[in-house]
Every structure is written in C-alpha cells, then in structure tokens.
1. Scan segment 203-220 and tell me whether some residue there is aliphatic (A, V, I, L, M), at pLDDT below 95 and more than 18 Å from the chain's Cα centre (by Cα).
2. Name every residue in segment 38-52 that is closer than 29 Å to D216 by Cβ and either among the small types (G, A, S) or touching a helix residue (DSSP H, G or I) at 6+ places or on another chain (Cβ under 6 Å) (or both), in order of residue number.
3. Would you pick out the residues in segment 144-184 that are under 21 Å from I20 (Cβ atoms) and assigned to a helix (DSSP H, G or I)?
4. Going through Y53, Y3 one at a time, which residue ends up being among the aromatic types (F, W, Y) and at pLDDT below 95?
5. Of the residues that make up segment 198-219, is at least one closer than 17 Å to N163 by Cβ, in contact with a Phe, Trp or Tyr (Cβ under 9 Å, 6 or more places away or on another chain) and among the acidic types (D, E)?
6. How many residues does segment 202-231 hold that are part of a loop (DSSP other than H, G, I, E, B), exposed (fewer than 13 other Cβ atoms within 10 Å of the Cβ) and of a type outside the set (D, E)?
7. Could you give me the residue pairs with C-beta distances under 9 Å whose first residue belongs to segment 168-182 and is more than 23 Å from K229 (Cβ to Cβ), whose second residue is polar (S, T, N, Q) and open to solvent by 20 Å² or more (accessible area, probe 1.4 Å) wherever it lies, and which are 6+ apart or on separate chains?
8. Scan (1) touching a residue at least 12 places away in the same chain (Cβ under 8 Å); (2) of a type outside the set (G, A, S); (3) open to solvent by 30 Å² or more (accessible area, probe 1.4 Å) for the single condition R131 breaks and write down its number.
Amino acid sequence: MTYTINQHGQPVGIALPDWIGAGHPGHSSMTGCYAQLVAIDPQIHCKDLFEAYREDVSGKIWTYNSLEPFQTEEGLADWMKTAQGVDAQPYFVILDRETGKASGIASFMRIRPELGVIEIGGITFAPRLQRTRVATEAIYLMMRRAIEELGYRRVEWKCDALNAPSRAAAERFGFSYEGLFEQAMVYKGRSRDTAWYSLLDKDWGAVEQGFKVWLDPDNFDEAGQQLQKLADLIATARA
C-alpha cells in the first residue's frame, strides 16, 4: 500500500489535490471492430434478444442472475422498459457488427463519480455470444470508457462466488481478485457469497495492451480460433 506520513506521524493515503471526480457513463454508444453497445431499447432490440436467449433451453444462463428467464417476448419487453434510460444503471444491448443482431446485455452500476468507482455488471450473454470476440470486445469497450474516457480510478466486477464462469472471465479480462464477502446477499431464496474483483487505472495500460493484441484480426486463424490467449497477453504486458 502506498501512503504518506502526516504531521502527526500517522500513515495516510496519497493526496489527490487535482482530483475532480469522474464522469457519468450516460447511455451513448460504444463501437469497436466486432461489437457495438447501444442503449437498451425494447422497440428495437427485444425480438432479436429474445430469440438469442431462447437458445438457452435449459435456462442455465440465469442461475446466477438476479433476473428470471423470460418466458415470452412481451415479458422481456416489459423488463426492458423498466431498464431503459435509467441513469443509476445504464443498460446496453450488445450487437454483433457483422450481423447487426442483439445477443446480450451489460450495464454500468454502483456508479460513484465523486469517488472514481464504477462497476461493470448486469451481464447476460446468450449462448451464441459467449466466448466470442464480440463478447470480449464489448467488455473491453466498457472498461475503456470507464477509465480512459470518464476518468474512473477503479472498475469493479462482482459475482456469486460459486459462478465459476464469471470468476474466470474477470481474471481473463485482467481484474484482480480482492476477496470474498460471505453472506453478502440473499437472492432467489438462497444465500450468496460475493467474490470481489477490481481493475485500477494504474494497471489499465498493460491490460489494454493485451486486449489490443488479442483483438487484432491477425490473432485469429482462418477458422476464427485465437492464436494467443488474452490472459497470457495481459500477463506478459504486466511483467
């Protein structure tokens, strides 16, 4: 931990005399090579999103989600109306730029501009989106907006401690594990321990370098398979 010593001989945090806070993420679009994130709009995105979610016939993508599976397109549209335009948690639909189809959602949440802290969460990816360049770039675009464009000092990722895929994703994306908050929540009638991860602005340069190399078209063969792993690239950049 970095600190200074005050006039009383006590250790205190490093002074930030020029700190003015970060910006609010708002609802404006984010566009990359493969993915585009746009503000959630039931009139535009509901049909495609519902069809994508229906591919999960077992309902397993909702196990660690505060939401329940949507049984009808109308039910999804009703939820999207409640989420649309909410500044406290701006939701975005993730579009595949090649097809123009929506296949997932993600949001900024627990937004504290005055502290420079923001969380990426509320993520629900349809099966077709999972483990793709589109999904990875979508998260990268959100991280870049938070740190580079808006000036956040800390980006958080939290999940049910038993959600192994989410924990693996956090580590793959360059977030650092900070600890376990036991019995932090009750949802869906069960207790949840929450795993906390963070990415600090001082680490973003190396993490972004890894993302840029991974997202480069030259990192994929003719079948679309990665040649280098994102976690390895980030680890090399951090070394």
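1. Kept after step one, since they are aliphatic (A, V, I, L, M), are these residues of segment 203-220: 206-207, 213, 215.
Still in the list and also at pLDDT below 95: none.
Looking through segment 203-220, none of the residues is aliphatic (A, V, I, L, M), at pLDDT below 95 and more than 18 Å from the chain's Cα centre (by Cα).
2. A39, A52
3. Answer for segment 144-184, where residues must be under 21 Å from I20 (Cβ atoms) and assigned to a helix (DSSP H, G or I): R144, R145, A146, I147, E148, E149.
4. Numbers: Y53 fails: at pLDDT below 95.
After applying the criteria, what remains is Y3.
5. no
6. Of segment 202-231, the ones part of a loop (DSSP other than H, G, I, E, B) are 216, 221-225, 227-229.
This time we only want the ones that are exposed (fewer than 13 other Cβ atoms within 10 Å of the Cβ), so: 216, 221-225, 227.
When the remaining residues are screened for being of a type outside the set (D, E), the result is 223-225, 227.
Number satisfying all stated conditions: 4.
7. Hits for this filter: E182/S191.
8. Condition not satisfied by R131: (1).
The values are calculated or read from the model by the stated rules, or taken from the named source; none is laboratory data. In this text the structure is predicted, and so the values were computed from the model without any measurement. Every residue, glycine as well, gets a Cβ built from its backbone with ideal geometry; the counts of neighbours run over all protein chains shown. Surface areas here come from the heavy atoms of the whole protein model, side chains and all, with no ligands, DNA or RNA. Shrake-Rupley method; radii C 1.70, N 1.55, O 1.52, S 1.80 Å.
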